[in-house]
Amino acid sequence: MKKSRLFVSLVLVLACMATAWAQKDRLTLDLFLDWEYVAAPQLSPDGRQIVYTRRWTDKINDKYEDEIWIMNVDGSRNRFLVKGSQPQWSPDGTRIAYVAPGQPAGTQVFVRWMDTGDTTQLTRLERSPSNLRWSPDGKKIAFNMLVPASNAFNVKMPPKPNGAKWIDPPRVIDRLNYRADGAGYRPEGFIHIFVVSAEGGTPRQVTDGDYNHGAPEWMPDSDTLIFSGVRKPDAEYLRNGTEIYRLSLRTREIRPLTDRDGPDVEPTVSPDGRLIAYTGYDQTDDTYTVSKLYLMNADGGNKRVLTPDFDRSPDDLHWAADGSGIYFTTEDRGTNNLWFVSVNGGAPRQITRGNHQLTVASIAKDGTVAGVLAGPQQPGDVVVFNIQRPEIRRLTAVNDDLLEGRKLGEVEEIWYDSVGGFKIQGWIVKPPDFDPSKKYPLILYIHGGPHAMYGVGFNFEFQNHAAEGYVVLYTNPRGSTGYGQAFGNAIKNNYPGEDYIDLMRGVDEVIKRGYIDERNLFVCGGSGGGVLTTWIVGHTDRFAAAVAMKPVVNWYSFVGTTDGSSWYYNFKKFPWEDPQEHLRRSPLTYVGNVRTPTMLLTGELDLRTPMEQTEQYYRALKMRKVDTVMVRLNDEYHGFNAPLGPRHPSNRLWQILYLRGWFEKYRKK
């Protein structure tokens with residue numbers, strides 16, 4: 001008996017050791033805090049060097065830190081250069097401009113001389129600059145910065161007694177203004193354009209008014225700026241769009257180059273300054289519209305569309321060095337690649353091909369391209385290739401040390417049929433050492449937007465769930481981008497609608513493969529995915545548990561509390577004009593059907609899908625005695641589950657752990 005007990009004990013010890021050892025070859029969650037990111041590689045004017053931003057996590061202070069690194073174009077001599085981000089080469093290649101923490105506080109504009117390493121702080125700004133652009137003569141730098149809005153309605157307070165400590169004055173908001181940033185849209189002010197001497201001095205604000213202005217682009221004369229701007233300082237601009245303007249620094253005259261009901265954005269000036277490429281479309285009643293690539297003369301004349309029949313939206317425009325055409329990237333069925341279209345028109349030509357997501361940051365005169373590429377099992381790294389020979393070479397390997405010796409889950413692409421003749425694309429992430437003869441729990445993970453696209457790029461969270469033994473299914477239901485106009489607009493005035501069926505058909509497709517434990521189906525999603533998660537649990541009991549992150553559950557109240565305007569995906573009218581339709585599309589209307597244990601998880605500072613939406617659903621579930629908890633992430637806005645979205649990296653860990661912990665609580669062993 002003693003020998004038998006000793007043998008059993010030995011077996012248990014060995015089993016525990018084997019389990020612990022097995023975890024060492026998995027993508028464990030603690031690695032998230034060691035994960036690094038690369039962004040915006042910029043080729044020097046001579047095409048010989050690349051500067052890029054490298055981001056890492058400060059674990060002590062729970063924030064991200066940015067550094068600028070430099071390397072030769074072949075990847076050699078890759079090294080730290082300076083603390084900061086957004087590096088931009090001067091036209092002659094002797095300097096870089098960048099932003100970094102400076103004096104007296106906050107983020108400032110700096111210039112570094114590349115031959116001596118000397119740096120100069122150019123600005124003493126109260127708010128963060130962005131979108132740095134050198135003038136062609138190298139004497140000035142233009143940039144964007146927020147300017148606080150003035151109030152049209154003010155009152156005069158009586159004088160404060162000596163030594164009195166009164167609370168800060170009230171915030172008075174008298175307009176609808178939307179500013180895109182990582183925190184969401186906030187009615188704090190307007191984005192304007194500033195210009196500062198490359199040798200330092202006081203930045204000069206060159207635009208004003210209750211309007212937002214896009215990134216500045218210089219004309220060859222170093223006196224004229226081209227930019228896009230919001231035409232109307234209220235919510236209507238989201239429907240009526242933006243225009244492209246021309247600004248003379250000498251005369252301060254601003255002249256519109258476009259004028260139509262619809263957005264015109266991303267102006268990009270040709271090398272000789274004679275033409276401007278841009279993207280846009282004529283406004284329609286559709287909730288999703290594919291953008292077209294346009295061309296016009298520098299004075300705004302002779303506008304013409306270059307991609308009339310291209311059913312994808314061009315982005316990241318770059319002119320060919322000889323002015324013969326424009327390079328652009330676009331979303332296409334989960335991938336992103338580089339394309340080219342001639343100034344003479346014709347069908348766009350695809351330059352790169354592959355099952356990856358490629359962003360292009362710069363193109364040198366000799367045709368060398370620098371960008372960032374990610375694949376199903378490859379995190380984002382800096383890559384280069386030549387336009388004439390698009391053989392992509394990876395130059396960095398910022399996370400290879402973390403992945404060494406670790407097994408990743410296989411990512412399998414699937415397509416399946418849904419109602420209305422739609423074919424839906426999705427991907428399955430399988431646990432490492434996957435065995436098709438076994439049964440696995442399934443997580444259906446739904447993207448937000450809803451006009452957005454899941455891509456084939458590496459996803460840390462999905463791989464971590466797979467490492468913990470889950471099969472993860474993520475799909476692009478109707479309404480997603482990257483599949484053309486008809487597919488993206490299929491949820492017009494019908495959201496949630498047939499996209500719910502698209503998601504359920506995806507679950508059925510995976511179950512048919514025989515390796516899913518149907519007792520352990522789980523569903524989650526954020527933002528638009530939170531909408532669909534709460535809609536799903538109100539329409540089916542097939543899931544063992546659900547996690548709805550930052551959901552919209554009541555479209556009627558959402559219209560009056562959100563900082564955005566995504567309510568119009570559903571509706572032709574305001575809620576006070578058509579209350580019944582707003583209620584019919586609200587997940588809260590169907591909370592009486594819910595029996596699925598449902599967690600609500602939202603950032604305390606969320607402005608896009610405010611906390612009141614989460615609170616309504618939580619209270620309703622509690623009143624119905626449905627198992628629920630409400631998780632409120634401290635000091636966090638809307639983007640906490642985006643790759644670089646959280647204000648605090650630890651909140652990303654909380655989100656993943658609470659989500660999976662909820663599923664584990666209801667997982668049937």
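The values are calculated or read from the model by the stated rules, or taken from the named source; none is laboratory data. Bear in mind that the values here come from a model prediction, so they are computed numbers and not experimental data. For neighbour counting, all protein chains shown are included, and Cβ atoms are generated from backbone atoms with ideal geometry for every residue, glycine included.
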Quick check, is ASP234 surrounded by fewer than 18 Cβ atoms within 10 Å (Cβ to Cβ), modelled with pLDDT of 95 or more, of a type in the set (Asp, Glu) and assigned to a loop (DSSP other than H, G, I, E, B)? no
Note on LYS365: of the conditions (1) touching a Ser or Thr at 6+ places or on another chain (Cβ under 7 Å); (2) surrounded by fewer than 17 Cβ atoms within 10 Å (Cβ to Cβ), unmet is (1)
What are the residues in region 589-607 that are buried (at least 20 other Cβ atoms within 10 Å of the Cβ) and touching an Asp or Glu at 6+ places or on another chain (Cβ under 8 Å), if any? THR596, PRO597, THR598, GLY603, ASP606
In region 471-490, what count of residues is obtained for those that are assigned to a loop (DSSP other than H, G, I, E, B) and in contact (Cβ under 8 Å) with a residue 60 or more places away in the chain? 6
Test for PHE558: is it of a type outside the set (Asp, Glu) and in contact with a Ser or Thr (Cβ under 9 Å, 6 or more places away or on another chain): yes
Has region 64-77 got at least one residue that is among the basic types (Lys, Arg), modelled with pLDDT of 95 or more, under 30 Å from ASP221 (Cα atoms) and out of contact with any helix residue (DSSP H, G or I) (no Cβ under 9 Å at 6 or more places or on another chain)? no
Is there any pair linking a residue in region 425-445 that is among the hydroxyl-bearing types (Ser, Thr, Tyr) to one that is part of a loop (DSSP other than H, G, I, E, B) and surrounded by 20 or more Cβ atoms within 10 Å (Cβ to Cβ), with Cβ under 7 Å and at least six apart or on different chains, and which? TYR440/PRO431; TYR440/TYR470
Only unsatisfied item for GLU391, checking (1) within 27 Å of PRO496 (Cβ to Cβ); (2) surrounded by fewer than 18 Cβ atoms within 10 Å (Cβ to Cβ), is (1)
What strands (runs of 3 or more DSSP E), lying completely within region 310-417, carry at least 1 residues that are of a type in the set (S, T, N, Q) and in contact with a strand residue (DSSP E or B) (Cβ under 7 Å, 6 or more places away or on another chain)? 325-332, 335-342, 357-363, 368-375, 378-386
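If you check THR123, THR57, THR116, THR53, which single one turns out to be buried (at least 19 other Cβ atoms within 10 Å of the Cβ) and not in a strand (DSSP E or B)?
Criteria check complete, one pass: THR123.
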Taking helices (runs of 4 or more DSSP H) that fall entirely within region 491-599, which contain at least 1 residues that are closer than 29 Å to TYR440 by Cα? 498-511, 528-537
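Tell me yes or no: at least one residue of region 116-128 is under 20 Å from LEU644 (Cβ atoms) and either more than 26 Å from the chain's Cα centre (by Cα) or not small (Gly, Ala, Ser) (or both). Full working, then the answer.
Taking region 116-128 first, the residues under 20 Å from LEU644 (Cβ atoms) are 128.
Filter once more, keeping what is either more than 26 Å from the chain's Cα centre (by Cα) or not small (Gly, Ala, Ser) (or both): none.
No - not one qualifying residue is present in region 116-128.
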Do you know which residues across region 600-613 are within 19 Å of the chain's Cα centre (by Cα) and not in a loop (DSSP other than H, G, I, E, B)? THR602, GLY603
Output for region 274-304, where each listed residue is among the small types (Gly, Ala, Ser) and either on the phi < 0 side of the Ramachandran plot or in contact with a Phe, Trp or Tyr (Cβ under 9 Å, 6 or more places away or on another chain) (or both): ALA277, GLY280, SER291, ALA298, GLY301
Quick test for you: out of PRO271, PRO267, pick the one residue that is at pLDDT 95 or above and in a loop (DSSP other than H, G, I, E, B). PRO271
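Only one residue in PRO441, PRO450, PRO432, PRO436 is assigned to a loop (DSSP other than H, G, I, E, B) and either surrounded by 21 or more Cβ atoms within 10 Å (Cβ to Cβ) or modelled with pLDDT under 95 (or both). Which one?
PRO450
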Looking at region 189-209, which of its residues are over 21 Å from ASP137 (Cα atoms) and either surrounded by fewer than 16 Cβ atoms within 10 Å (Cβ to Cβ) or among the hydrophobic types (A, V, I, L, M, F, W, C) (or both)? PHE190, ILE191, ASP208, GLY209
